[in-house]
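Right, one structure below, let's go through it.
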Amino acid sequence: MNIPWSKMAQNTPSSVVRDMLQAAQAPGMISLAGGLPAQSSFPLEAIRDAYEKVFMGGSAALQYAETEGFQPLRAKIAERLESKGIPASPDHMLLTTGSQQSIDLVCRIFLDPGESVLVESPTYLAALQVIHSYQAEAHGVACDDDGMLPESLEEQLQLHRPKLVYINPTFSNPSGKVWSRARRQQAVDLCRKYGVLILEDDPYGEIRFKPEQLDAPALAQLDAASYEGPSNVIYTSTFSKTVAPGLRTGWILAAPDVIKIAARAKQGADLHSSSIDQRALHALLESFDLDGHIRNISQDYEQRMKKMTTLMAAKSWEGISWNSPQGGMFLWLQLPESMLASNLFTYGIQEKVCIVPGDSFYAGTPELNRMRINFTHTDPDLLPEAVERMDRAIQRWHASLQSDSVVTL
């Protein structure tokens, strides 16, 4: 084709993780790669009943609908957020096709080519894709186990004068970290000081293994408690991890002017997200114990995580460590400095286990010895075999070192 692609098309790279997931479809492959919930967790019967209720109500669900989304569902979401301490109104909310579209819409309405966004180091790969697609620049902020380092955040705010700070502070993808309350407040205060918006992406925040032990309020909640006037935090979440990703329903909660402009942008993208799915979700929330369901999947995921880490610990892999997440869906592995995660990925594919190298999750210089593992999707009965295959991949890496040393000699 001789017609040149647009700048946006040229600046939208293929997702490395999505490309790897193609490899995960090979026969006999065990995939620990994707950010997928357990398929067994989907409340199939309750969802089927919800759709039946929608269709019993007539054909309205098949008609075009308002861009902002089904108002009764927005009201239900606002009610849930209020119960968790996040000030919310259905009029300050836009329903989206998953929180991925939320990220895209926010970047679309705020970013011009060459402008800057600050992100965690590491951060969500698909958010980096969106930022780059608008020809904006992402800059990583140094982090530790408690979140962004305040001194690094302030330094980057002064240096780059960003439009946005994008964060995933609760059981983040890929690292599984949860920011401390103090770091959350410091980020809110610093972004207020420099007049920079925060985009808080919270798809995993409700999947808490020990909720009573975790003091991790949303930054949207802290901002509202600390400052009067319009919120400086744009909050997005989704039903993909708590109900089912196939429903493709998320939301943006923000100041009214942000919602107004984001709705205009959404009109140009898809007019509105699926009205059938929104009505079915509303019907589900009317009769289904979602909080009880979330408690159940959180307990299940904690057991899967413990089984996975116990199996890995039993292998006594020299120089390999990982986090102990308090929720969410991911383990973040640190390998010996000499072990490239991309090489281990290759050996893993040869052993029919798929794991994700961490280098694509960085805005700047990546750590090449990091890997992400998802512990929620694979059948628990397959986890012992998955770890055995990982072990064989690691042994292949050690053997390659010996082979290289022989060649060098």
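One residue alone among ALA187, ALA182 is over 30 Å from LYS306 (Cβ atoms) and in a helix (DSSP H, G or I), and that residue is ALA187. Condition (residue is open to solvent by 20 Å² or more (accessible area, probe 1.4 Å), touching a strand residue (DSSP E or B) at 6+ places or on another chain (Cβ under 8 Å), assigned to a loop (DSSP other than H, G, I, E, B) and more than 30 Å from GLY268 (Cβ to Cβ)) applied to the stretch 129-140: is it met by at least one residue? There is no residue in the stretch 129-140 that is open to solvent by 20 Å² or more (accessible area, probe 1.4 Å), touching a strand residue (DSSP E or B) at 6+ places or on another chain (Cβ under 8 Å), assigned to a loop (DSSP other than H, G, I, E, B) and more than 30 Å from GLY268 (Cβ to Cβ). Taking the conditions (1) among the hydrophobic types (A, V, I, L, M, F, W, C); (2) at pLDDT below 95; (3) closer than 23 Å to ASN173 by Cβ in turn, CYS143 satisfies each one other than (2). Restricting attention to the stretch 343-384, the residues that are crowded, with 22+ Cβ neighbours inside 10 Å, part of a loop (DSSP other than H, G, I, E, B) and aromatic (Phe, Trp, Tyr) add up to 1.
Do we have any residue at all in the stretch 103-121 that's small (Gly, Ala, Ser), in a helix (DSSP H, G or I) and in contact with a helix residue (DSSP H, G or I) (Cβ under 8 Å, 6 or more places away or on another chain)? So far as the stretch 103-121 goes, no, none of its residues is small (Gly, Ala, Ser), in a helix (DSSP H, G or I) and in contact with a helix residue (DSSP H, G or I) (Cβ under 8 Å, 6 or more places away or on another chain). When GLU120 is tested against the conditions (1) open to solvent by 50 Å² or more (accessible area, probe 1.4 Å); (2) without any contact (Cβ under 8 Å) to a residue 60 or more places away in the chain; (3) in contact with a strand residue (DSSP E or B) (Cβ under 8 Å, 6 or more places away or on another chain), the lone failure is (1).
All of SER99, SER175 fail the test of being within 30 Å of ALA38 (Cβ to Cβ), in a helix (DSSP H, G or I), in contact with a Pro (Cβ under 7 Å, 6 or more places away or on another chain) and touching a residue at least 60 places away in the same chain (Cβ under 8 Å), apart from SER99. Scanning the stretch 41-76 for residues that are of a type in the set (Lys, Arg), within 27 Å of the chain's Cα centre (by Cα) and open to solvent by 50 Å² or more (accessible area, probe 1.4 Å) yields one hit, ARG48. Scoring ILE297 on the criteria (1) modelled with pLDDT of 95 or more; (2) more than 21 Å from the chain's Cα centre (by Cα) leaves a single failure, condition (2). GLN25 meets all of the listed conditions (1) assigned to a loop (DSSP other than H, G, I, E, B); (2) open to solvent by 30 Å² or more (accessible area, probe 1.4 Å); (3) touching a helix residue (DSSP H, G or I) at 6+ places or on another chain (Cβ under 9 Å); (4) not β-branched (Val, Ile, Thr) but one, namely (3).
It is to be established whether one or more residues within the stretch 236-254 are more than 15 Å from GLN100 (Cβ to Cβ), surrounded by fewer than 22 Cβ atoms within 10 Å (Cβ to Cβ) and charged (D, E, K, R). No, the conditions are met nowhere in the stretch 236-254.
The values are calculated or read from the model by the stated rules, or taken from the named source; none is laboratory data. No experiment lies behind these values; they were computed from the predicted model shown. Cβ coordinates were reconstructed from backbone atoms using ideal geometry, including for glycine residues, and neighbour counts include every protein chain displayed. Just so you know, the surface numbers come from the protein's heavy atoms only, side chains and all, with ligands and any DNA or RNA stripped out. Shrake-Rupley method; radii C 1.70, N 1.55, O 1.52, S 1.80 Å.
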